[in-house]
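The values are calculated or read from the model by the stated rules, or taken from the named source; none is laboratory data. Predicted model, so just to flag it, every value in this text is computed and none were measured. With ideal geometry, Cβ positions are generated from the backbone for all residues, glycine too; neighbour counts draw on all protein chains shown.
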């Protein structure tokens with residue numbers, strides 16, 4: 001049996017950096033587009049994001065602190081998720097900058113907005129997939145003692161899906177690796193790109 005390094009988070013990890021984000025990795029990037037009550041766009045990537053249900057389809061991202069994305073979701077009840085890919089990685093990173101309210105991350109990151117169909121929030125032009133969402137719930141997370149934390153979980157139901165036809169194979173199946181998503185993969189600057197040679201197939205037992 002391996003002599004494991006064990007720690008209780010509340011008591012400290014005793015390592016050079018907190019390994020939590022490196023252990024729970026890779027994680028999809030929640031590249032979230034919103035607009036405020038005046039229709040001004042905001043775009044921000046979130047490290048804590050994933051799909052949480054399929055019928056109906058739902059996704060969720062968690063905001064550490066009351067950021068503009070959270071406030072905009074509360075104000076409008078809408079957001080759009082954009083797939084972050086390797087060719088969009090630098091722009092995605094630039095969109096994470098802490099900018100004054102009302103300053104467009106699209107402009108700072110050199111991105112072009114594309115219209116959504118069913119929500120007011122724009123998409124990232126050039127992203128091979130996007131999900132238009134209506135907010136169904138916003139939860140302020142609490143710890144095991146019941147104390148409210150400064151973390152806010154935003155849950156959205158997907159009401160519209162955009163797919164670049166180039167990401168569909170001859171049988172009409174979405175090719176995940178061909179889309180080239182990037183993922184959060186550890187510490188502050190660690191990312192991974194999903195490539196075809198990283199894929200393998202394993203069918204779940206009946």
- Which number in (1) modelled with pLDDT of 95 or more; (2) surrounded by fewer than 21 Cβ atoms within 10 Å (Cβ to Cβ); (3) farther than 23 Å from residue 175 by Cβ marks the one condition that residue 46 misses? (2)
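Quick grid of which residues meet (1) within 18 Å of residue 30 (Cα to Cα); (2) surrounded by fewer than 15 Cβ atoms within 10 Å (Cβ to Cβ); (3) touching a residue at least 24 places away in the same chain (Cβ under 8 Å):
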{"residue": "92", "(1), (2), (3)": "yes, no, yes"}
{"residue": "101", "(1), (2), (3)": "no, yes, yes"}
{"residue": "113", "(1), (2), (3)": "yes, no, yes"}
{"residue": "122", "(1), (2), (3)": "yes, no, yes"}
{"residue": "150", "(1), (2), (3)": "no, yes, yes"}
{"residue": "158", "(1), (2), (3)": "yes, no, yes"}
{"residue": "162", "(1), (2), (3)": "yes, no, yes"}
{"residue": "184", "(1), (2), (3)": "yes, no, yes"}
{"residue": "188", "(1), (2), (3)": "yes, yes, no"}
- Item | Which numbered condition residue 126 fails, given (1) part of a loop (DSSP other than H, G, I, E, B); (2) modelled with pLDDT of 95 or more; (3) at negative phi | (3)
- Looking at this structure, is residue 160 in a loop (DSSP other than H, G, I, E, B) and touching a strand residue (DSSP E or B) at 6+ places or on another chain (Cβ under 9 Å)? no
- Evaluate the following for residue 64: is it closer than 24 Å to residue 189 by Cα and touching a helix residue (DSSP H, G or I) at 6+ places or on another chain (Cβ under 9 Å)? no
- Message: Quick check on region 9-38: of everything there that is in contact with a helix residue (DSSP H, G or I) (Cβ under 9 Å, 6 or more places away or on another chain) and assigned to a loop (DSSP other than H, G, I, E, B), which residue is surrounded by the most Cβ atoms within 10 Å (Cβ to Cβ)?
- Response: 29
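Matching residues to (1) over 16 Å from the mean Cα position of the chain (by Cα); (2) under 18 Å from residue 162 (Cβ atoms):
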site: 55; (1), (2): yes, no
site: 68; (1), (2): no, no
site: 71; (1), (2): yes, no
site: 106; (1), (2): yes, yes
- Message: If I ask for residues that are modelled with pLDDT of 95 or more and assigned to a helix (DSSP H, G or I), which ones from region 88-108 would you list?
- Response: 88, 89, 90, 91, 92, 93, 94
- Within region 42-75, residues being over 22 Å from residue 150 (Cβ atoms), outside any strand (DSSP E or B) and in contact (Cβ under 8 Å) with a residue 24 or more places away in the chain number 1
